[in-house]
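Every number here is computed from the coordinates shown, using simple stated rules; none is lab data. For clarity, every value in this text was computed on a predicted model and none was experimentally measured. Cβ coordinates were reconstructed from backbone atoms using ideal geometry, including for glycine residues, and neighbour counts include every protein chain displayed.
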Amino acid sequence: MQPVVKLVILGRDGILNEYRDDHVKAPNEWQPIDGALEAVARLNHAGWHTVVATNQSGIGRGMIDMASVNAVHAHMYRQLMAVGGRVDAVFFCPHTPEDQCDCRKPLPGLMKEIGKRYGIDLRLVPMVADTLRDLQAAQAAGCEPHLVRTGRSQLMSEEQLAHVLALVPGTVVHEDLAAFADYMMRRDHAPISTPGDLH
């Protein structure tokens, strides 16, 4: 059965923008990955809604306040708008690992909240990650796991990548978000009777 809404869940840091060990604390620290925003726009134009699910423990650690988070996301929205793209919403966990919440990935709380908001079966929703933790969150929520080799995953060795793929079977690997968008476009237009065309 086709979903009422075509929805993609994206991680933020390392997928849309360059990952920083010290957290993105201000709009000027939010640097888009080449081609990522255009990839979101292409997905949008093909009828896909995109939402972001992101751990932001810098809030819980006192490194960034809500006004700064909102300013970063306003900047992100403007950058997307400039290339004809949009993210419907940002769902984030503000907690530290010590808080033991149920919304910090790899737990599936954020994705379940997204599923409820959109009234959609998460098994129909691709989720794009750059870490094992986020792939495990996708797996726990029942989403379709996709790994892009940007952000933290670009440092993975072949052995590390094989280990990740063994832990989250069914993960599809892409060079970057643009390659993921290409994959979704091809799959959207592939004849249902010939699944071999997807490969």
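What the table shows:
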quantity: Cα gyration tensor category, rounded, prolate or oblate, for segment 1-116 with a/c compared to 1.5; calculated: oblate
quantity: Part-to-part distance (alpha-carbon centres) for segment 118-189 and segment 70-103, which is given in Å; calculated: 19
quantity: Projected-area mean, segment 1-63, by convex hull of Cα positions, square nanometres; calculated: 5.5
quantity: Residues residue 113 and residue 29, FRET efficiency given R0 of 30 Å [Cβ-Cβ distance, rounded to 0.05]; calculated: 0.70
quantity: Neighbour net charge for residue 103 - beta-carbon separation under 12 angstrom, K R +1, D E -1; calculated: 0
quantity: Rule-of-thumb Rg ratio for the chain [Cα; 2.2 N^0.38 Å; N residues]; calculated: 0.98
quantity: Helical mean residue ellipticity (222 nm; -39500 (n - 2.57) per DSSP H run of 4+; nearest 500) of the chain; calculated: -11000 deg cm²/dmol
quantity: Estimated FRET transfer efficiency (residue 183, residue 78; beta-carbon r; R0 30 Å; 0.05); calculated: 0.65
quantity: Electrostatic dipole magnitude of segment 7-188 [Cβ: Lys, Arg +1; Asp, Glu -1; Cα centre; debye, to 20]; calculated: 480
quantity: Residue among 124, 74, 111 farthest towards the positive dipole end of segment 32-137, charges placed on Cβ; calculated: 124
